[in-house]
Amino acid sequence: QEGTKKHIENKKKLFGDLDEKPQEKEHLTHIEHAERKNVKLYETQRLMETELERMRKVNIAMHDTSEKLNKTDKTYGKYGENLSTATKVLHDIYRTQIIQNIVENSAMYFFF
């Protein structure tokens, strides 16, 4: 919302309030007219510089966030690999335990 408010404020500064009724034109000399245009141009330049700086900050923030997400993805990838390995080891242990129980039960049955 803050960005939208700033956008509206900047739009009004640059173009005036477009909803207002047009006012009677003042009779300006060529120099006065040029000076007003220069003031508006400088204001436009300042607003554009401000917007450019804001965009640079957003770009840096997005780059940092992207790097953090990549690191997180790699970490979760390693975690997933570890879980997969642990699952295989656990399955092997369980299988070995079952085979060992079968051998023991068979030996008991055979000898007793």
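According to the Kirkwood expression over distinct Cα-Cα pairs, how big is the hydrodynamic radius of the chain, in Å?
Values: mean 1/r = 0.0456 Å⁻¹.
Final number for the Kirkwood radius of the chain is 21.9 Å.
So how much accessible area does K11 have, in Å² to the nearest 10, using a 1.4 Å probe?
Accessible area of K11: about 100 Å².
Can you give me the distance in nm between label points at T29 and S106, each placed 7 Å from the Cα along the Cα-to-Cβ direction?
11.4 nm
For an R0 of 25 angstrom, estimate the FRET efficiency from the Cβ-Cβ distance between I98 and K74 and round to the nearest 0.05. Kindly include the intermediate steps, with their values, before the conclusion.
Numbers: r = 37 Å, r/R0 = 1.46.
That pair, I98 with K74, gives E of 0.10.
In whole percent, and with a 1.4 Å probe on the protein chains, what portion of the accessible area of the chain is carbon and sulfur? Intermediate values should be presented prior to the final figure.
On the way: 6710 of 11430 Å².
Here it works out to 59 percent.
For S84 paired with L14, estimate the spin-label separation in nm (one decimal), with each label point 7 Å from Cα along the Cα-to-Cβ line.
For S84 paired with L14, the spin-label model returns 5.1 nm.
Given the whole protein assembly as supplied and a 1.4 Å probe, what does the accessible area of H33 come to in Å², nearest 10?
Accessible area of H33: about 90 Å².
The values are calculated or read from the model by the stated rules, or taken from the named source; none is laboratory data. The structure presented is a predicted model; accordingly, all values stated were derived computationally and were not measured. Every residue, glycine among them, receives a Cβ derived from its backbone with ideal geometry; neighbour counts consider all protein chains shown. For the accessible areas, the whole protein counts, side chains as well, though only heavy atoms, and no ligand, DNA or RNA atoms are used. Shrake-Rupley method; radii C 1.70, N 1.55, O 1.52, S 1.80 Å.
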